[in-house]
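Novice: Sharing a structure here in structure tokens format.
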Amino acid sequence: MTGAHEGLSVTHRRYVPYAHAHYAGDLVDGAYVLGLFGDVATEVCIRADGDEGLFAGYADVRFLAPVRAGDVLEATAVVTRVGRRSRTLALEARVVCRGRSDLRESAAETLPEPITVVTATGTVVVPAAAD
């Protein structure tokens, strides 16, 4: 029997190091957030099915705001559909803290409201349950 159910949610937080900045303004590429989505999806599979599962694909990926080195990102996956072997996930990444080098080199702040930077729908698959 599977522990997968609609509404199951996993959230990770991660600091974005300056070594990951690729563009002017300390911007980070979108693939960085997709990697975070893979991590939260893996934990969903472990919690729901006792297996790391495999990411089958993304749909409707939207890059809504920039991610910068010095940000603290929160990535969340919520199960929205459970199939026999597949699970559909609503994915969202938000900036919850941001560097403030305009104030001083190491300044940072917790944002009063998180900034949603990327949303997507993902599909993961897990092995069939043993009978």
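Novice: For the subset of segment 13-40 comprising residues that are of a type in the set (Gly, Ala, Ser) and assigned to a helix (DSSP H, G or I), which member is nearest to ARG100 (Cα to Cα)?
Specialist: Checking each candidate, the answer is GLY25.
Novice: Looking at segment 36-54, which of the residues that are of a type outside the set (D, E, K, R) and in contact with a Cys (Cβ under 9 Å, 6 or more places away or on another chain) is surrounded by the fewest Cβ atoms within 10 Å (Cβ to Cβ)?
Specialist: This residue is LEU54.
Novice: So which residues in segment 16-33 are in contact with a strand residue (DSSP E or B) (Cβ under 7 Å, 6 or more places away or on another chain), free of Cβ contacts under 8 Å to residues at least 60 places away in the same chain and of a type in the set (A, V, I, L, M, F, W, C)?
Specialist: Result: VAL16, ALA21, LEU27, VAL28.
Novice: Next up: In segment 77-105, which residues are loosely packed, with under 14 Cβ neighbours inside 10 Å, touching a strand residue (DSSP E or B) at 6+ places or on another chain (Cβ under 8 Å) and in a loop (DSSP other than H, G, I, E, B)?
Specialist: Correct list: ARG100 only.
Novice: Which condition does VAL10 not pass, out of (1) part of a helix (DSSP H, G or I); (2) within 16 Å of THR88 (Cα to Cα); (3) among the aliphatic types (A, V, I, L, M), if it passes all the others?
Specialist: Every condition holds for VAL10 apart from (1).
Novice: Determine, yes or no, whether ALA65 is more than 23 Å from GLU105 (Cβ to Cβ), modelled with pLDDT of 95 or more and among the small types (Gly, Ala, Ser).
Specialist: Considered against the rule, which asks whether it is more than 23 Å from GLU105 (Cβ to Cβ), modelled with pLDDT of 95 or more and among the small types (Gly, Ala, Ser), ALA65 comes out as yes.
The values are calculated or read from the model by the stated rules, or taken from the named source; none is laboratory data. Predicted, not measured: the structure shown is a model, and the values here were computed from it. All Cβ positions, glycine included, derive from the backbone under ideal geometry; neighbour counts span all protein chains shown.
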